[in-house]
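One structure is given here, and the rest of the page talks about it.
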Ligand code: SF4
């Protein structure tokens, strides 16, 4: 057994074990991307701060690629942005264009080879690439490329896209437009050659990608919070199916793919995106606040206090409190400085139920009936721990309210979500889930309530993890595989 295979016996624990230790049962976004063209500006430092704003989208590796017009330099490493880059590193990354990437591993292990930006030979130089999303035809593309002599060191679909671009003998923008029709699934990509920076997005616009202007240049980022961080102004979103070449003079656009059904990941609005970002014209904070207000109408509860699980449950908890008239209280403190690159506790600490992420305030909650608002329940394991933690701290009742519908289907578009059998709500009704997590009562936001809070038609979003209706074809084999794999694991457990 490799050291990193054992769940608790040493080495790097697998994602489930991390989630349990971090009290974190949320699905995780796969990546965040950033790109900038700004001659005369300190582009590596601006990219560093852009990535810092996107750190919530991936905490396992970070990387920056810069071009000075003649050469590309890439630095990438496992760890948080602030761990990977220091002053000397940023000073050595000079140029006029840069792309950056933060990663959370969902396809491919957390190893250096899978850190991004990835780089491949392109013409007489290189192409560097960062990708957020997940392709659904990776196996076919990889087999085809390998049959034609390509080899890969990473296990991610990002290296595949870089290899496809590198095979085109043209400008990077032309290469992107030729490659995009062959990619199925979700992708928001930034890429860089010595002379061009290009960004492109899948035809459904599953993952966000926006364009900003700043003095001396232009930039692209997964979320608007990265533009805010570097003093850039939001200009517009990269349109679904669009490829853009960014130069210091502006944006050259090509509609590489015909318009398709919009399918923005609704979970970006519920949990993934930072609350101070705007996506598709929506303030993420305001949408979450509205979800809480609607949740209060749909799931009233007799309680003394409304408590949000920080940080993702907070806007909805405030909305719930305002709509219900029940006072809001901060009763759980979150340690913001733990992540998946955190040193793991030893066996003794684990056995004593170490709580790395949340700690309750007994002075606030003792003897109180609580409405506890969270954004989602995935496996239910950490929700059960959280409910138990609040009851142990003296809460009289815990009325759990979830600001999304039950998660019952896995994600194939770039989100780290367990197979169906591990999702607590996959085959269970609300009462079963309530019993499983030990809450006094449980209420979810209804699908209709979610749409009311979003103020947009359901058809604009991907909601497949709630409905099982996948807007982009998912290979039957991979759905089946997830079932079969989970059955094998449970049979062997
Ligand atoms: S399946 Fe769920 S998490 Fe995945 S893209 Fe669709 S809405 Fe987002």
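The values are calculated or read from the model by the stated rules, or taken from the named source; none is laboratory data. None of the values given here were measured: they were computed from a predicted structure. Positions of Cβ are generated from backbone atoms using ideal geometry, with glycine treated the same way; all protein chains shown enter the neighbour counts.
Only one of the numbered conditions (1) more than 16 Å from the ligand (Cβ to nearest atom); (2) at negative phi; (3) touching a helix residue (DSSP H, G or I) at 6+ places or on another chain (Cβ under 6 Å) is not met by residue 438, and that is (2).
Here is a yes/no grid of residues against (1) assigned to a strand (DSSP E or B); (2) surrounded by fewer than 23 Cβ atoms within 10 Å (Cβ to Cβ); (3) free of Cβ contacts under 8 Å to residues at least 12 places away in the same chain; (4) not assigned by TED's automatic domain parsing to the domain that holds residue 93:
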{"position": "127", "(1), (2), (3), (4)": "yes, no, no, no"}
{"position": "145", "(1), (2), (3), (4)": "no, yes, no, no"}
{"position": "177", "(1), (2), (3), (4)": "no, yes, no, no"}
{"position": "207", "(1), (2), (3), (4)": "no, no, no, no"}
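Taking (1) within 24 Å of residue 51 (Cα to Cα); (2) part of a helix (DSSP H, G or I) in turn, residue 195 satisfies each apart from (2). Scanning the stretch 234-291 for residues that are assigned to a loop (DSSP other than H, G, I, E, B) and without any contact (Cβ under 8 Å) to a residue 24 or more places away in the chain, we see that the one that is farthest from the ligand (Cβ to nearest atom) is 249.
When the stretch 407-431 is filtered for residues that are closer than 14 Å to residue 378 by Cα, part of a helix (DSSP H, G or I) and away from the ligand (no atom under 16 Å from the Cβ), the ones remaining, listed by number, are 421, 430.
Among the residues here, residue 296 qualifies as more than 16 Å from the ligand (Cβ to nearest atom), outside the structural domain of residue 42 (by TED's automatic domain parsing), under 24 Å from residue 397 (Cα atoms) and touching a helix residue (DSSP H, G or I) at 6+ places or on another chain (Cβ under 7 Å). Residues in the stretch 218-233 that are over 22 Å from residue 134 (Cα atoms), touching a helix residue (DSSP H, G or I) at 6+ places or on another chain (Cβ under 8 Å) and part of a strand (DSSP E or B): 2 in all.
Which of the residues spanning the stretch 457-493 are modelled with pLDDT under 55 and either in contact with a helix residue (DSSP H, G or I) (Cβ under 7 Å, 6 or more places away or on another chain) or over 21 Å from residue 135 (Cβ atoms) (or both)? Those that are modelled with pLDDT under 55 and either in contact with a helix residue (DSSP H, G or I) (Cβ under 7 Å, 6 or more places away or on another chain) or over 21 Å from residue 135 (Cβ atoms) (or both): 482, 483, 484, 486, 487, 488, 489, 490, 491, 492, 493. Against the conditions (1) more than 13 Å from the ligand (Cβ to nearest atom); (2) closer than 17 Å to residue 401 by Cα; (3) buried (at least 18 other Cβ atoms within 10 Å of the Cβ), residue 450 satisfies every one except (1). Exactly one residue among 74, 102, 84 is closer than 24 Å to residue 154 by Cβ and free of Cβ contacts under 8 Å to residues at least 40 places away in the same chain, and that residue is 84.
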